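Structure first, commentary second.
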Amino acid sequence: MSVYDHKPARFLEKLHFEAGHPAAGICCAGFELRAWRCKPFAEHLIEWLPEYALPEEELAVTHGNMYVKLRQAAIRVYTSEKYKRRGEAGEITLHAICRDYFGTLPISPRVFYKSATNDVVKAFDMVHARFPKKGGVELWLGESKLYTNTIKAITEAIKSVTDHLQQGFLTEQKLLLGPQISRTTPRYAELMQLFKPQTSLDRFVDAAVFVIGILSNSAACRSANKVDDAYRSALLPELQAITRQLGRSGLTKKIRIVLIYVPLGDKSAFVKEFDGKLKGLQ
């Protein structure tokens, strides 16, 4: 049995999903007492903290080391007082959604590449694997943007993914990521073939699913006080605006993309809540 067989209970609700190219969905924290669930959302991300920040071999948690593991994970994320523009809350959200709804498996914690706690890492925000029932291996490579403005978020995400598709970056990532994959990972040999220097980058990209997570302030979310059909309908134009921008980029013709939109009632309040929970563990 793998440590990844255990996951936190589901919190984010999938309100919409459409297959296609790109596949696109909406996940929301929901509401309670007629208010957007800002604090519970931040608390839920702390549940995912160890899995996000620690490699598989460090995830053996017992009642005797539970606090130590949480503290280790929290410190690896960041300790900076300048939290307002940091995006780790978005990265953990994307990690949780992919694990919970798509059955992916983490194969390389992003924070591994930090030389210091507060480094900003130029790498994929998420590296997971997925093993479809039809066979084969998929690499789920994430790019998360946590912004106030939705269009700015998708614009920056498009730029990041475009930069990631450059030959030099992909070659570097293959060399960095491959050695970090645990030998206990399902279909290890098949997975490692993708990371060998001799394997064409075309094969690497063909196996990849680029997951773009957009977390941003939402007019629909700010105006709502419960999840109902009216709220779902109000969110659709916001998602469509993102997919149009993505379509104009031309990326959907080059790579497989899954787009996840997480509407926020108040981005600033959410980041502040997450920072407070994180710092409380350090």
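Dipole magnitude for the stretch 14-281: about 340 debye, using +1 per Lys or Arg Cβ and -1 per Asp or Glu Cβ, origin at the Cα centre.
Amide H contacts of ALA129 (H built 1.01 Å from N, in plane; Pro and chain starts excluded): LEU105, ILE107, TRP140 sit under 5 Å, all sequence-distant by 5 or more or on other chains. If Lys and Arg each add +1 and Asp and Glu each add -1, what is the summed charge of the other residues whose beta carbon sits under 11 Å from the beta carbon of GLU13? The answer is +3. Computed with the Debye formula from one identical point scatterer per Cα of the stretch 1-68, without solvent, the log10 of I(q)/I(0) at q = 0.21, 0.24, 0.25 Å⁻¹ comes to -0.99, -1.07, -1.10. Among beta bridges identified by DSSP and lying wholly in the chain, the antiparallel ones come to about 40 percent. The HN-Hα couplings worked out from phi for the stretch 70-81 by the Karplus form 6.51 cos²θ - 1.76 cosθ + 1.60 (θ = phi - 60°) are 4, 5, 4, 5, 4, 5, 6, 6, 5, 10, 5, 6 Hz, whole numbers, x standing for Gly and Pro. Pairs to check: LYS152/LYS279; LYS84/LYS152; LYS7/LYS69; LYS14/LYS279; LYS7/LYS82; LYS84/LYS174. Give those whose C-alpha atoms are more than 26 Å from each other in this structure. The pairs that break the limit, which is 26 Å between Cα atoms, are LYS152/LYS279; LYS14/LYS279; LYS7/LYS82; LYS84/LYS174. For LEU264, the residues whose amide H sits under 5 Å from its own are SER216, ASN217, SER218, ignoring neighbours fewer than 5 places away on the same chain, with H placed 1.01 Å from N.
Along the stretch 193-205 the Karplus relation, 6.51 cos²θ - 1.76 cosθ + 1.60 evaluated at θ = phi - 60°, assigns HN-Hα couplings of 4, 5, 9, 5, x, 6, 7, 4, 4, 4, 5, 4, 5 Hz to successive residues, with x for each Gly and Pro. The simple spin-label model puts a point 7 Å past each Cα toward its Cβ; for HIS21 and LEU165 those points are separated by 1.2 nm. Averaging 1/r over each pair of different alpha-carbon atoms in the stretch 1-116 and inverting the result gives 15.7 Å, the Kirkwood hydrodynamic radius. Projecting the Cα atoms of PHE31, LEU105, LEU165 onto the dipole axis of the chain, where Lys and Arg carry +1 and Asp and Glu carry -1 at the beta carbon, places LEU165 farthest toward the positive end.
Using all pairs of distinct alpha-carbon atoms, the Kirkwood hydrodynamic radius of the chain works out to 19.3 angstrom. Each of VAL262, ASN225, ASN149 was scored by the projection of its Cα onto the charge dipole of the chain, and the greatest displacement toward the positive side belongs to ASN149; charges sit on the C-beta of Lys, Arg, Asp and Glu. In loop segments of the stretch 1-89 as defined by DSSP, the trypsin sites (Lys or Arg not before Pro) with at most 16 further C-beta atoms inside 10 Å of their C-beta are ARG10, ARG34, LYS82, LYS84, ARG85. Going from the fewest other Cβ atoms within 10 Å to the most, the residues CYS221, CYS28 appear in the order CYS221, CYS28.
Every read-out reported here was derived from the displayed coordinates using simple, explicitly stated rules and does not represent laboratory data. Given the structure is predicted, the values throughout are model-derived calculations rather than measurements. When we count neighbours, we look across all protein chains shown, and the Cβ atoms used for this are built from the backbone with ideal geometry, even at glycine.
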